[in-house]
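Notes to accompany the following structure.
The values are calculated or read from the model by the stated rules, or taken from the named source; none is laboratory data. Bear in mind that the values here come from a model prediction, so they are computed numbers and not experimental data. All Cβ positions, glycine included, derive from the backbone under ideal geometry; neighbour counts span all protein chains shown.
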Amino acid sequence: MRHVAWITPLLLTATMAIAGPEAPLPPDVNLVAPDDSVPAPMAKYSGRWSGMWIGGGDRLNHVLIVEKISPEGFIAIYAWGDSLGQNGNLKAGWRRINGTVDNGKLTAKLGQASVSYILNPDGTINGTYTNARGFDSKATLKKDAG
């Protein structure tokens, strides 16, 4: 039993180091249920998704909240945690983004970078972040309960 006393805090610390700081969110999240004009597969994007960007020796917690989606576009909160890798200079933040929907794929511009998301058959989302220098990060996001 004595081993459990020191293993539990060790596991909690290791989990926090892997997961890192949470991505901050704005106080005014506004989820709007998709209306009947949104095809059922696209409506599945609506809601909060969590995962981690991984690429270029770096890791960032990532939250995507698709607040509103229509056949033409979407509004979402794009949030990230502090950098956890060798490029540890990016601090946590968030921004509201507007994007397009094309053939079931969500795409948005982030300044000179872009992000895209595609829904997988297993209910997860694959994300790709690409900046102007060609740097790519990948993420798999899972829909949060609620």
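Structure notes:
- Residue 145 meets the conditions (1) surrounded by 14 or more Cβ atoms within 10 Å (Cβ to Cβ); (2) within 22 Å of residue 30 (Cβ to Cβ); (3) of a type in the set (A, V, I, L, M) in every case but one. The failed one is (1).
- The criterion of being free of Cβ contacts under 8 Å to residues at least 60 places away in the same chain and exposed (fewer than 15 other Cβ atoms within 10 Å of the Cβ) does not hold for residue 85.
- Counted residues, the range 129-146 - those being under 16 Å from residue 48 (Cα atoms) and part of a strand (DSSP E or B): 5
- Close pairs from the range 104-125: first more than 16 Å from residue 143 (Cα to Cα) and surrounded by fewer than 12 Cβ atoms within 10 Å (Cβ to Cβ), partner at pLDDT below 95 and among the aliphatic types (A, V, I, L, M), Cβ under 8 Å, at least 6 apart: 112/132
Each row is one residue, and each column tells you yes or no for (1) modelled with pLDDT under 95; (2) on the phi < 0 side of the Ramachandran plot; (3) more than 12 Å from the chain's Cα centre (by Cα).
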{"residue": "41", "(1), (2), (3)": "yes, yes, yes"}
{"residue": "50", "(1), (2), (3)": "no, yes, no"}
{"residue": "53", "(1), (2), (3)": "yes, yes, no"}
{"residue": "84", "(1), (2), (3)": "yes, yes, yes"}
{"residue": "88", "(1), (2), (3)": "yes, yes, yes"}
{"residue": "92", "(1), (2), (3)": "yes, yes, yes"}
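- Search result, residues across the range 33-72 that are in contact with a Gly (Cβ under 6 Å, 6 or more places away or on another chain) and in a strand (DSSP E or B): 58, 59, 60, 61, 62
- Checked against (1) of a type in the set (S, T, N, Q); (2) over 17 Å from residue 51 (Cβ atoms); (3) in a strand (DSSP E or B), residue 126 passes all but condition (2).
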